[in-house]
1. How large is the direction-averaged shadow of the alpha-carbon convex hull of the range 76-222, in nm²?
2. Among Phe118, Phe92, Phe72, which comes first, then next, by fewest other beta-carbon atoms within 10 Å?
3. Starting from 0.36 nm per residue, how many nanometres of slack lie between Ala126 and Leu212 once their C-alpha separation is accounted for?
4. In Å, what Kirkwood hydrodynamic radius results for the range 153-213 from the alpha-carbon pair distances?
5. Using θ = phi - 60° and the Karplus curve 6.51 cos²θ - 1.76 cosθ + 1.60, what whole-Hz ³J(HN,Hα) does each residue of the range 158-164 get, with Gly and Pro shown as x?
6. Please list, in order along the range 114-125, the HN-Hα scalar couplings obtained from phi with the Karplus expression 6.51 cos²θ - 1.76 cosθ + 1.60 (θ = phi - 60°), rounded to whole Hz, x for Gly and Pro.
7. Using alpha carbons only, how many angstrom separate the centre of the range 76-144 from the centre of the range 157-222?
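Just so it is clear, none of the values below were taken in a lab; they were calculated from the coordinates. Remember, it's a predicted structure, so these values are computed and weren't measured experimentally. Using ideal geometry, Cβ is built from the backbone for each residue, glycine included, and neighbour counts are taken over all protein chains shown.
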Amino acid sequence: MLAPEGMPNGISGKHTAFLAESNEFSNLGKGPETMKVPYAKKWQKETDKLRQIALGCDLTEERKWGKPCFTFLKKNVVIVIPLKESCAFSFFKGALLKDPNHILQRIGEAQAGRWIKFTSPKEISALKPTLKSYIYEAIEVEESGKKVPLKKASEYVVPEELQRRLDENAVLRSAFATLTPGRKKSYIIHVSSAKQANTRAARAEKCVPMILSGRGFNELPN
């Protein structure tokens, strides 16, 4: 949905670039049971507060990637993401919002997604009018049909640490080649998002069995 910032055993690299721009993963055929949400209980009050605000804007609540996701005409608008140190309210097309209050933060390498992180219900209450305004603008974006131009999976460069393992292992190379574009990108983003070479190498090594299993970085075994 990462671990990205606070998503252990699964999602890291700033929510693996917001679940690799989200909708690519929504087509993997995996239900919410495939995603771990370890910090959900820790941020339950904040989650409930954000849910109330989203529902008050006439959005439809669904469970995606194990998290409360809010849609408009079946299009993803916002999602609540419990992290290790905060609870995030993420706009799928936040890059298209005007953000006059300058509160939206980029999510790692994500091109479209933007989020706001909270650590208490009080913080959420203070921003409630602003959040509602942003939600309504996000709905207008969906109604307009606007889209954020996204890089194709083929445009992402495989990090050296992962490429080395692919070059040295024909079976691994073949398994990686058969992955869907979205799954390939999930590994590329996860490995390349680490700043230190040794961390990238360690991540690449841990990805090997997952790649061989044919699943994406954000997916748990069947």
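1. Projected over every direction and averaged, the Cα hull of the range 76-222 covers 10.6 nm².
2. Phe72, Phe118, Phe92
3. Additional length available on full extension: 26.2 nm.
4. 11.3 Å
5. 5, x, 3, 5, 7, 4, 4
6. My calculation for the range 114-125 gives 9, 9, 10, 9, 10, 10, 7, x, 4, 4, 5, 4 Hz in order.
7. Using only Cα atoms, the two centres lie 30 Å from each other.
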